[in-house]
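Working notes for the structure below.
Any read-out appearing in this document is the output of simple, stated calculations on the displayed coordinates, not a laboratory observation. All values derive from a computational prediction rather than experimental measurement. For neighbour counting, all protein chains shown are included, and Cβ atoms are generated from backbone atoms with ideal geometry for every residue, glycine included.
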Amino acid sequence: MEMIMGKEYGYVAIVVVVYCCLNMWMGFQVVKARKKYKVNFPNLYALESENKNAKIFNCVQRGHQNSLEMMPVFFILIVLGGMGHPCVSAALGLFYTVTRYFYFTGYSTGDPQNRLTIGKYGFLALFGLMICTISFGIKLLRS
């Protein structure tokens, strides 16, 4: 079987799976919070007028929801940027994944500001992945 990409692209594939595992873990945390704080489906969020724990549940839910919202951007940037710069993209992707963990756990404390302690650095990784993707696009145009 002929390889289309270099073997280093395997690092990119592994980081994508690691992020998927983190995302599933976050989803399980939301399920646990639903049970703990008695927030039933189909409600996405708890109402403060009906649930004294609404703020903390909503923070757990929002931490996961924001990660889901950013996932398509992250995936397209790491997949495309990784085609031109697999090792750099994988390293940036792993860094992004770690910052997402801290973003979620900080948010889950019930104080939204805690998501930014380490979580705010994830945007540096996304910016780096944008640069890798632009560089890959330019390489394609020049070839």
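Given the condition farther than 18 Å from Asn23 by Cβ, touching a residue at least 12 places away in the same chain (Cβ under 8 Å), surrounded by fewer than 16 Cβ atoms within 10 Å (Cβ to Cβ) and not polar (S, T, N, Q), answer yes or no: does some residue in the range 96-110 qualify?
Yes, some residue in the range 96-110 is farther than 18 Å from Asn23 by Cβ, touching a residue at least 12 places away in the same chain (Cβ under 8 Å), surrounded by fewer than 16 Cβ atoms within 10 Å (Cβ to Cβ) and not polar (S, T, N, Q).
At least 3 residues that are more than 13 Å from the chain's Cα centre (by Cα) and within 30 Å of Lys35 (Cα to Cα) in each: list the helices (runs of 4 or more DSSP H) lying fully within the range 47-143 that qualify.
Counting at least 3 such residues, we get 54-84.
Test of understanding: among Lys7, Lys38, Lys55, Lys32, which residue is in contact with an Asp or Glu (Cβ under 7 Å, 6 or more places away or on another chain) and over 19 Å from Tyr121 (Cα atoms)?
Being in contact with an Asp or Glu (Cβ under 7 Å, 6 or more places away or on another chain) and over 19 Å from Tyr121 (Cα atoms) holds for just one of Lys7, Lys38, Lys55, Lys32, which is Lys55.
Among the residues of the range 1-40, count how many are under 19 Å from Leu92 (Cβ atoms), part of a helix (DSSP H, G or I) and out of contact with any Leu (no Cβ under 8 Å at 6 or more places or on another chain).
Of the residues in that region, 12 qualify.
Checking Cys20 against (1) closer than 29 Å to Tyr96 by Cα; (2) surrounded by 15 or more Cβ atoms within 10 Å (Cβ to Cβ), which test does it fail?
(2)
Could you go through the range 125-137 and let me know if any residue there is buried (at least 21 other Cβ atoms within 10 Å of the Cβ), in contact (Cβ under 8 Å) with a residue 24 or more places away in the chain and under 19 Å from Asn66 (Cα atoms).
yes
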